[in-house]
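The block underneath contains the structure these notes are about, expressed in structure tokens.
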Amino acid sequence: MEAKKDKNPRIRVKMESTEFGDLLSDKKKNDFHQVHHHKDTFITKYIFSQDHKMIAKQYLITGVLFMGFIGIALSLLFRLQLAWPEESFAVFDIFLGKWAPEGVMDPNIYLALVTIHGTIMVFFVLTAGLSGTFSNLLIPLQIGARDMASGFLNMVSFWLFFLSSAIMIASLFVEAGPAAAGWTIYPPLSALPQAQSGSGMGMTLWLISMAIFVASSLLGSLNYIVTVINLRTKGMSFFRLPLTIWAFFVTAIIGVISFPVLLSAALLLIMDRSFGTSFFLSDIFVQGEVLHYQGGSPVLFEHLFWFLGHPEVYIVLLPALGITSEIIATNSRKPIFGYRAMVASILAIAFLSTVVWGHHMFISGMNPFLGSVFTFTTLLIAIPSAVKAFNYITTLWKGNLQFNPGMLFSIGLVSTFITGGLTGIILGDSTLDINIHDTYFVVAHFHLVMGISALYGLFAGVYHWFPKLFGRMMNKNLGYIHFWVTAISAYGVFFPMHFVGMAGLPRRYYTNTAFPYFDDLADINVIITLFALLAGAAQLVFLYNFIHSMFFGKEAEKNPWKSTTLEWTAPVEHMHGNWPGEIPHVYRWAYDYSKPGQQDDFVPQIIPIGKDEEITEH
Amino acid sequence: MIGLLTGAVLVLMGIAIWQINNIYQLIQNKLGNKRDDSQIANEKDNDLQGKLMFAFLVFIYVVTIYCFWAYSKVLLPEAASEHGVPYDRLLWISFAIILFAQTITQALLHYFAYKYRGINNRKAFFFTHDNNLELVWTVIPAIVFFILIIYGMVTWSNIMNFNEDDEDAIVIELYAQQWNWKARYAGQDNVLGDANVRFLNDYDGRNTVGIDSSDPNGWDDIVVTQEFHIPVNKKIIFKMRSQDVLHSAYMPHFRAQMNCVPGMITEFSFTPTKTTAEMRMNADVAAKVDRINKIRYDNSQKLIAKGEESLEPYQFDYLLLCAKICGTSHYNMQMKIVVDTEKDYNKWISSKEAFSSIMQ
């Protein structure tokens, strides 16, 4: 059962069964199927590729480099407005056109900027850009599979994502303005163009883009789940999987459970907007007339939205946590501490994430009893999160820490995850939420855990797996500069913001100058903006490093970080089917770093247990 | 023009950094320094980055202390409502707990990053798991969280489960619309009349909150704009309505907030404990007013220089603001709240017109 190792482009690759393949068929050591690969054209190699490694790169470039750049740029625009309200800026003139008469930002476009920034960052960068890139790159390589279960669905999933990105960007240019009801797009504001101009064509395009995005995400998740269950190589039992795979696998399951609910909310909203239904609307008087809607409730939308919305933030965070586990273990030359506890906490977080959504709705008008229920479940979810943080710290203890840029970002993730997570304990308490709901305290919290923590996971993953993606190394000194400037700016932006929120300043305010009461917050807003500009500039260092290293970076060896996992046993040059010859078999778990009695400070998973070796882990 | 120049400066700066890097590499080569261009961290890197990690811990502590020192003064003054006192107590206890956890965990994280940095060929300790340790740091946080949960839930229940039929309470409707607030008092019968948006066009648009004139309870209702008054030490039951989209009635000094939902009547209750006059004398409030007036004075100087009118000095008032995104003027949807003595309140409310006068 060997593939031809010669240069013949018609490589015949056989998918090999795992031990568990026995469950699916009666025959041992069966071929699953044979895949013929014909010679690749430019189109089939770079554009409509079915190879998971190319698709990973496509997600990375579209989701992170392109959409991320736009998302950050949008935030810098509205931060300028907040620091120097109603001032005239040349950048507003250039980028906002008619929405900045004489260079002063129009209040309507402020809300649109905030909306699209949130939408792009949460969905396009941190969901597709994070999961799409790393699940695609790592699942087949780390479990020992030739490719995803369905290369075709994988390709479709990326191109749907591309289409949805294009539509979202296009919505920025419609005449009445893009969607402007916040990334949470609550009706009635998002349902009625009469209430806000962005709720016309802008909102329609937003809904179409997100519907396509959900389809893309579901196809991707389906592929990841099926691949992890069915295509693990011989010896790769579930408890030998690296934590990255556990994270991506569980994330995909949460996605399959929760994204359809967002789609249903979007469909019902489309029906209210265009087909006269009243799912979310009732008793509304706007622009001088009573609208026909009767019987619906905006609170229903909130339930449907947040049923996705909360798991969504764990869909964002779990892959980042998985990536961090991997990178910290490799760079500590030590096993990740408490592997099974880490798996259990991933599962606990996943389960609990589906029953906490109401903490976004404490003062929505829903029955206060629900507030008690959701406070209870929300503070429960803090427990597995705390366990993870302690396990990371213990992994560092008595390690042999190698500070590659990926490691810096992983440690940075743990730091900001703790800071942001702790303020979540304040917000998760329904009582305390009363006075800080919809203030900048919330904005500070979710940016620390999502915008910084998960983003660090993304950066860590890029630095760490760049050699695997492009066969080259990123420049480490530029990586160090990127990390430290970002880390300092991140805390500089979001620490003070907590105080602004506790001072009573609501979010999504175009300017604070309508209230003399908030005049003494103006200085703080300037400091926040200055740090934000610094943070934005630091990302240019990353962008330069990334693009330059792609073409001119030092050529990478096969396993530069001396890691134990399977992806580093594949050749540097990408090939369909990932390994020439047989897929390696696995004999041990993924964390034999600095194991006593071993010659090297790491033992790859493919090395059989030695004659006198003690079997300490599964 | 400025855009072009800024762009040019950024590009030139980028080129400068690139060239400086090139020069640095050339010099290293010339000096014969063994150039490690593997882009993999070596012991020198580990040493430096490990030390920077510890320095970052100091940075975190400094930023935290600085923010508390510099920004505590902008925080809300003491609560002006009865339930605000247990609210603030719960807030500070929760903060104490999380600040304690933050201090310890950040210290361990960054100290270990420094102490175990990969220098001097150190060997890592193969430590895979310890179930007792896991138990300890699962159970202890669980206990702490349970305490917070119970405390929070009891406080929440006390705040939210109020007696709606309390005859001693004053019922006030807060009516939200794009982009202003109106308050409707229930009048002598202390019962708000039925209302709905479909009555808004009655009486040539003077029926500004859509009272249903067929319901006698509404005839003595009083609608006010710009500001509403409440008597100190009396329980107020707020009923919130919205005319169009979601809004949120946020009254931060009273630790009160509730969404206003079209098609639904939501409610929140509190008892104000400090009159506006008393609050103005509060030391924190007075200091804040001073700070604000100094800023306004500075801003006024700039305005006068431009030939415009100076700003009026600011006096503290309680505020009702909107805290749920509601469109263009979301940032300026406010109403003044005045907490009066009972005598002043009675005087104020008796000077207002009831709905019945609109019905003539």
Take region A:535-561 and flag every residue that is outside any helix (DSSP H, G or I) and over 30 Å from A:Leu448 (Cβ atoms). A:Gly553, A:Lys554, A:Glu555, A:Ala556, A:Glu557, A:Lys558, A:Asn559, A:Pro560
More than 14 Å from every other protein chain (Cβ to nearest Cβ) and crowded, with 19+ Cβ neighbours inside 10 Å: does that describe A:Gly610? no
Out of A:Ile139, A:Ile109, I need the residue that is β-branched (Val, Ile, Thr), assigned to a helix (DSSP H, G or I) and in contact with a Ser or Thr (Cβ under 9 Å, 6 or more places away or on another chain). Which one? A:Ile139
Qualifying positions in region B:68-78 - in a loop (DSSP other than H, G, I, E, B) and either of a type in the set (A, V, I, L, M, F, W, C) or facing chain A (nearest Cβ under 9 Å) (or both): B:Leu75, B:Leu76
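How about region B:321-339: which of its residues are under 17 Å from A:Asp106 (Cβ atoms) and in a loop (DSSP other than H, G, I, E, B)?
Filtering region B:321-339 down to residues under 17 Å from A:Asp106 (Cβ atoms) leaves B:325-332.
Result: B:Ile325, B:Cys326, B:Gly327, B:Thr328, B:Ser329.
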Region A:241-297, subset aliphatic (A, V, I, L, M) and free of Cβ contacts under 8 Å to residues at least 40 places away in the same chain, residue surrounded by the most Cβ atoms within 10 Å (Cβ to Cβ): A:Leu268
Residues satisfying the stated conditions in region B:123-160, i.e. assigned to a loop (DSSP other than H, G, I, E, B) and either in contact with a Cys (Cβ under 8 Å, 6 or more places away or on another chain) or more than 7 Å from chain A (Cβ to nearest Cβ) (or both): B:Asp130
Any residue in region B:292-303 that is within 11 Å of chain A (Cβ to nearest Cβ) sitting within a Cβ distance under 6 Å of a residue that is surrounded by 12 or more Cβ atoms within 10 Å (Cβ to Cβ) and in a helix (DSSP H, G or I)? List the pairs, counting only those 6 or more apart or interchain. B:Ile292/A:Pro516; B:Ile292/A:Asp519; B:Ile292/A:Asp520; B:Ile295/A:Asp519
Of a type in the set (Ser, Thr, Tyr), more than 30 Å from A:Ile328 (Cβ to Cβ) and touching a Phe, Trp or Tyr at 6+ places or on another chain (Cβ under 7 Å): which single residue out of A:Tyr224, A:Tyr186 fits that description? A:Tyr186
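Residues are listed down the side, and each one gets a yes or a no for (1) within 14 Å of chain A (Cβ to nearest Cβ); (2) part of a loop (DSSP other than H, G, I, E, B); (3) out of contact with any strand residue (DSSP E or B) (no Cβ under 8 Å at 6 or more places or on another chain):
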{"position": "B:Trp181", "(1), (2), (3)": "yes, no, no"}
{"position": "B:Asp204", "(1), (2), (3)": "yes, no, yes"}
{"position": "B:Asn207", "(1), (2), (3)": "yes, yes, yes"}
{"position": "B:Val223", "(1), (2), (3)": "no, no, no"}
{"position": "B:Met240", "(1), (2), (3)": "yes, no, no"}
Among the residues of region A:369-396, how many are facing another protein chain (nearest Cβ under 7 Å) and either in contact (Cβ under 8 Å) with a residue 60 or more places away in the chain or among the small types (Gly, Ala, Ser) (or both)? 6
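Condition check: over 27 Å from A:Val356 (Cα atoms) and either away from chain B (no Cβ under 11 Å) or crowded, with 24+ Cβ neighbours inside 10 Å (or both). Does A:Phe446 satisfy that? If you could, list the steps in order and put the result at the bottom.
Numbers: over 27 Å from A:Val356 (Cα atoms): no; either away from chain B (no Cβ under 11 Å) or crowded, with 24+ Cβ neighbours inside 10 Å (or both): yes.
Answer is no for this residue.
Would you mention how many residues in region B:28-47 are modelled with pLDDT of 85 or more and more than 8 Å from every other protein chain (Cβ to nearest Cβ)? Reasoning before the result, please.
Just the residues of region B:28-47 that are modelled with pLDDT of 85 or more, to begin with: B:38-47.
From what's left, more than 8 Å from every other protein chain (Cβ to nearest Cβ): B:42-44, B:47.
Looking only at that region, the number is 4.
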Restrict the check to region B:53-65 and report whether at least one residue is within 27 Å of A:Asn559 (Cα to Cα) and surrounded by 12 or more Cβ atoms within 10 Å (Cβ to Cβ). yes
For the condition under 24 Å from A:Gly255 (Cα atoms), surrounded by fewer than 18 Cβ atoms within 10 Å (Cβ to Cβ) and more than 20 Å from the chain's Cα centre (by Cα), what is the one hit in A:Phe173, A:Phe152? A:Phe152
Which one is surrounded by the fewest Cβ atoms within 10 Å (Cβ to Cβ) among residues in region B:242-264 that are assigned to a loop (DSSP other than H, G, I, E, B) and touching a residue at least 40 places away in the same chain (Cβ under 8 Å)? B:Gln243
Single match in B:Ile60, B:Ile65 (criterion: within 42 Å of the chain's Cα centre (by Cα) and within 10 Å of chain A (Cβ to nearest Cβ)): B:Ile60
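For region B:79-94, which residues satisfy the criterion of being surrounded by 15 or more Cβ atoms within 10 Å (Cβ to Cβ) and more than 7 Å from chain A (Cβ to nearest Cβ)? So that I can check it myself, show each step before the final result.
Taking region B:79-94 first, the residues surrounded by 15 or more Cβ atoms within 10 Å (Cβ to Cβ) are B:79-84, B:86-88, B:90-91, B:94.
Matches in region B:79-94: B:Ala79, B:Ala80, B:Ser81, B:Glu82, B:His83, B:Gly84, B:Pro86, B:Asp88.
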Give region A:562-588 a look and list any residue that's within 14 Å of chain B (Cβ to nearest Cβ), assigned to a loop (DSSP other than H, G, I, E, B), under 27 Å from the mean Cα position of the chain (by Cα) and crowded, with 22+ Cβ neighbours inside 10 Å, or say none. A:Ser563, A:Thr564
List pairs: first in region A:431-458 and in a loop (DSSP other than H, G, I, E, B), second among the β-branched types (Val, Ile, Thr) and modelled with pLDDT of 95 or more, Cβ under 7 Å, 6+ apart or cross-chain? A:His437/A:Ile363
Restricting to region B:96-114, name every residue that is more than 7 Å from chain A (Cβ to nearest Cβ) and crowded, with 17+ Cβ neighbours inside 10 Å. B:Ile97, B:His110, B:Tyr114
Residue by residue through region B:309-339, note down the ones that are modelled with pLDDT under 95 and more than 14 Å from chain A (Cβ to nearest Cβ). B:Glu309
Listed residues A:Asn400, A:Asn435, A:Asn404; which is of a type outside the set (Lys, Arg), surrounded by fewer than 24 Cβ atoms within 10 Å (Cβ to Cβ), in contact with a Gly (Cβ under 9 Å, 6 or more places away or on another chain) and more than 21 Å from A:Gly118 (Cβ to Cβ)? A:Asn400
Output for region A:483-511, where each listed residue is under 16 Å from B:Lys288 (Cα atoms) and either facing another protein chain (nearest Cβ under 7 Å) or assigned to a loop (DSSP other than H, G, I, E, B) (or both): A:Phe499, A:Met502, A:Ala503, A:Gly504, A:Leu505
Among the numbered conditions (1) in contact with an Asp or Glu (Cβ under 7 Å, 6 or more places away or on another chain); (2) modelled with pLDDT under 95; (3) farther than 30 Å from A:Asp523 by Cβ, tell me where B:Pro216 comes up short. (1)
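A:Val104 - would you say it is at pLDDT below 95, touching a Leu at 6+ places or on another chain (Cβ under 8 Å) and not small (Gly, Ala, Ser)?
Values: at pLDDT below 95: yes; touching a Leu at 6+ places or on another chain (Cβ under 8 Å): no; not small (Gly, Ala, Ser): yes.
No; evaluated as a whole, the condition is false for this residue.
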Residue satisfying all of: in region B:143-191; small (Gly, Ala, Ser) and crowded, with 17+ Cβ neighbours inside 10 Å; farthest from the chain's Cα centre (by Cα) among these: B:Gly187
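The values are calculated or read from the model by the stated rules, or taken from the named source; none is laboratory data. These numbers come from a predicted model, not from an experiment. No Cβ is skipped: glycine too gets one built from the backbone with ideal geometry, and neighbour counts run over all protein chains shown.
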